[in-house]
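Down below is the structure, laid out as structure tokens.
The values are calculated or read from the model by the stated rules, or taken from the named source; none is laboratory data. Predicted, not measured: the structure shown is a model, and the values here were computed from it. Cβ coordinates were reconstructed from backbone atoms using ideal geometry, including for glycine residues, and neighbour counts include every protein chain displayed.
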Amino acid sequence: DQSLRALAADHGLYVGTAIDVGALSDPTYSQIAASQFSTVTAENAMKWETIEPERGVYNWAPAEQFMAFAKAHDQKVRGHVLVWQNQLPAWLTEGVADGSISKAELRGILHDYITAVVTHFQGRIWQWDVVNEAVTDPWDSPDGHITYKGFWYENLGAGYIADAFRWARAADRQALLTYNDYNIDAFGDGGPLDKTQFVYDMVKDLRAQGVPIDVVGSQAHLSTRYGNYSPFQIADAQQKFASLGVATALTEVDVRNLMPAEQTGDTMNPLLQAQAYDYSALMQGCLASRHCISYTVWGFDDGHSWTNTWDFGAGAGAEAMATLYTADYQPKLAYRAIQADLAFT
Ligand code: G3I
């Protein structure tokens, strides 16, 4: 069995994908999702706007459809996501904006939501993404340093992060609790604009206070447009985070190409080669670190990828084709590269 999941099992590693619940009715999509991956993450079905679209009205059906798929195929589940500034329900953001939800009430709402969701799925989640994308990037830090950002920080202050982890742990003692972010795949110069360093210091401080953070998740949304990380840089970051006593995970891997890159038969295509290199560097870095527990791609086929509609600066969908398979489900060079990493290392 040369599937990614079988090969990864020999390393004690879980290899995963985000799942678009709406795509599960496509038999080829389902067949690949089931056979290649040993862990799954709901791409959207477990976000707050979906789970609690109206205040106090819970909608578990899409998430449960996803959970049933995972169970049927013996896949571990990464719960995504409890606390994030995006895809919040309108009743919540509008209530805060118009003052009908006070800040004190907001903290209670967050507590109750985390408790309700973690309790609902208790015993069925391997890793929870508890707090997602809580800090700025260099380009949105006009005062020259990385800091906290977003709806929760603006309304509750940075203390919500420790609260969220404690509330999650209280509702599920077994699930691994993750801080998840992008652009933390490698360390920079250690200075005030080094986001990886900021997250490292934050996790160190939180753990020193006894906050139950078990995993640092590096999303690894990469693009061949901005150069490459070497396996060494990835392994180094995984090891440094692990030195804090946490496990690490690569949680949302994809590697975009400026279009057009879709000459899939052409094994010499430099864009596809560069993409394969990035996927491989992440896999080799993960394998080199004994603390990296999962390697999850954010969608496995170019037909179902958020990059198809997102504007990364070159226009919507102009920087895409970011996954392991073509839109007609042919494995790309990137697939062969990580398969080889798993088979030969
Ligand atoms: O469900 C509605 C549908 O009813 C409507 O007709 C349609 C029209 O726009 O929109 C649909 O919602 C879209 C949703 O995905 C479900 O497909 C939203 O517009 C779209 O913005 C949303 O994008 C998701 C994005 O998060 C938004 O926050 C992507 O699918 C999802 O891949 C992406 O995932 C995030 C991770 O959660 C966190 N890390 C970054 C990653 C990539 O942005």
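Here are some notes:
- The range 28-37, subset surrounded by 22 or more Cβ atoms within 10 Å (Cβ to Cβ) and not aromatic (F, W, Y), residue nearest to R5 (Cα to Cα): Q36
- Residue in the range 152-160 that is outside any helix (DSSP H, G or I), free of Cβ contacts under 8 Å to residues at least 60 places away in the same chain and within 16 Å of the ligand (Cβ to nearest atom) present: no
- Some residue of the range 4-24 being of a type in the set (F, W, Y) and out of contact with any strand residue (DSSP E or B) (no Cβ under 7 Å at 6 or more places or on another chain): no
- Once the range 2-53 is narrowed to residues that are β-branched (V, I, T) and over 19 Å from T323 (Cα atoms), the residue that is farthest from the ligand (Cβ to nearest atom) is I51.
- Test: residue in the range 303-319 that is small (G, A, S), assigned to a helix (DSSP H, G or I) and crowded, with 20+ Cβ neighbours inside 10 Å: no
- Scanning the range 285-296 finds no residues that are surrounded by fewer than 16 Cβ atoms within 10 Å (Cβ to Cβ) and aliphatic (A, V, I, L, M).
- Yes/no for D74 being surrounded by fewer than 17 Cβ atoms within 10 Å (Cβ to Cβ) and within 16 Å of the ligand (Cβ to nearest atom): no
- Scanning the range 133-184 for residues that are within 25 Å of D254 (Cβ to Cβ) and among the charged types (D, E, K, R) turns up E133, D137, D140, K149, D181.
- So D185, is it within 16 Å of the ligand (Cβ to nearest atom) and charged (D, E, K, R): yes
- Cβ-Cβ under 6 Å pairs, at least 6 apart or on other chains, the range 219-236 side modelled with pLDDT under 95 and assigned to a helix (DSSP H, G or I), far side within 16 Å of the ligand (Cβ to nearest atom) and charged (D, E, K, R): none
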